[in-house]
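Working notes for the structure below.
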Amino acid sequence: MSIQSSTKRKTAPDIRARKRGEPIVMLTSYHAHTAALVDRHCDVILVGDSLGNVMHGFETTVPVTLDMMILQGAAVMRGSRQALVVVDMPFGSYEASREQAFNAAVRIMKETQCGAVKLEGGVRMAETIAFLSGRGIPVMGHIGLTPQSINTLGSFRAQGRNEADWGPIVDDAKAVAEAGAFSVVVEAVAEPLARKITETIAIPTIGIGASGACDGQVLVLEDMLGLSPRTPKFVRRYGNLGPAIEAAIESYAADVRSRAFPGPEHVYDMKKN
């Protein structure tokens, strides 16, 4: 029996059922080959709009387009077999109206065959989340630090570090849950606030720079592998692949320049008659 037919891919309801259960493991991926590696160990693969930073060198996620997300989402689906694949809805693809969001989400799901979409915003996006969820589109929410709002936030600073600021963030979490999202990413908020949100709402919270008490955790793959030039405070580097990759490239370049590569074992001989 093939891997494709013997492996059941996780669904949004599977993840929703993990509230207060075994922690949910989530990483980003933007390519078929990294997706195959992540898929063996993670419950959820996020095709994040962070691909704008990681793959294209943008300073923010704002320039990322719907076509970019669909292209990379389809690649991740081809490379994975068992994880739920969630694709970010990029800035400008869902904010104008519920109908705009629905049309963009349908394109993502049809053209990538992913299992869910993710969008940023709490109270202001609750109506849209309910509209999508009620029409067969599983939605993962995203509250706290919302990178697509960088031009109004002014900086990528942690949220809720003063208790007086907690109210609107808790309201966002409640609104997302009540609107029908199956889970919510909680990014860069004070640990006690993330813990309170996790205890308050009925859907799983997935922390990134939040609390170990969240129902799961997510990181950008390149950050945790040591491939990103700058990483936030909340990232633990589980690898340091940047120097190893550069050393391999340096060795290759030296071998080419010295004509040590290719060697006899790397070239094709003529066929013998």
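Here are a few things to note about the model shown:
- Selection within segment 182-209 - aliphatic (A, V, I, L, M), part of a loop (DSSP other than H, G, I, E, B) and either within 16 Å of the chain's Cα centre (by Cα) or farther than 14 Å from PRO138 by Cα (or both): ALA188, ALA190, ILE201, ALA202
- Taking segment 25-67 as the range and being open to solvent by less than 40 Å² (accessible area, probe 1.4 Å), in contact with a Gly (Cβ under 9 Å, 6 or more places away or on another chain) and either assigned to a loop (DSSP other than H, G, I, E, B) or among the acidic types (Asp, Glu) (or both) as the test, the residues that pass are SER29, TYR30, ASP39, ASP43, THR60, THR61, VAL62, VAL64.
- Any chance GLY92 is at positive phi and either open to solvent by 10 Å² or more (accessible area, probe 1.4 Å) or not in a loop (DSSP other than H, G, I, E, B) (or both): yes
- Verdict on SER258 being loosely packed, with under 10 Cβ neighbours inside 10 Å and among the small types (Gly, Ala, Ser): yes
- Exactly one residue out of GLY180, GLY242 is open to solvent by less than 60 Å² (accessible area, probe 1.4 Å), without any contact (Cβ under 8 Å) to a residue 60 or more places away in the chain and at negative phi: that is GLY242.
- Single residue of GLU22, GLU99 found to be over 27 Å from ARG135 (Cα atoms) and surrounded by fewer than 24 Cβ atoms within 10 Å (Cβ to Cβ): GLU22
- In the condition set (1) more than 19 Å from VAL235 (Cα to Cα); (2) open to solvent by less than 20 Å² (accessible area, probe 1.4 Å), ASP171 is compliant with all but (2).
- The residues of segment 68-86 that are part of a loop (DSSP other than H, G, I, E, B) and either open to solvent by 30 Å² or more (accessible area, probe 1.4 Å) or without any contact (Cβ under 8 Å) to a residue 40 or more places away in the chain (or both), listed by number, are ARG81, GLN82.
- Test: ARG135 is surrounded by fewer than 22 Cβ atoms within 10 Å (Cβ to Cβ), in contact with a Phe, Trp or Tyr (Cβ under 8 Å, 6 or more places away or on another chain) and free of Cβ contacts under 8 Å to residues at least 40 places away in the same chain: yes
- Residue within segment 212-220 that is open to solvent by less than 20 Å² (accessible area, probe 1.4 Å) and of a type in the set (Asp, Glu) present: yes
- Here GLU127 meets the list (1) under 28 Å from ASP171 (Cβ atoms); (2) part of a loop (DSSP other than H, G, I, E, B) almost entirely, failing just condition (2).
- Selected residue (only one of ALA158, ALA188 is open to solvent by 40 Å² or more (accessible area, probe 1.4 Å) and modelled with pLDDT under 95): ALA158
- Annotation: of all residues in segment 200-211 being in contact with a Pro (Cβ under 9 Å, 6 or more places away or on another chain) and open to solvent by 10 Å² or more (accessible area, probe 1.4 Å), the one that is modelled with the lowest pLDDT is GLY209.
The values are calculated or read from the model by the stated rules, or taken from the named source; none is laboratory data. The shown structure was predicted, so the numbers you read here are calculated from the model rather than taken from an experiment. Note that each Cβ is placed from the backbone with ideal geometry, even for glycine, and that neighbours are counted across all protein chains shown. Each accessible area value is taken on the protein alone, full model and side chains, heavy atoms only, with ligands, DNA and RNA left out. Shrake-Rupley method; radii C 1.70, N 1.55, O 1.52, S 1.80 Å.
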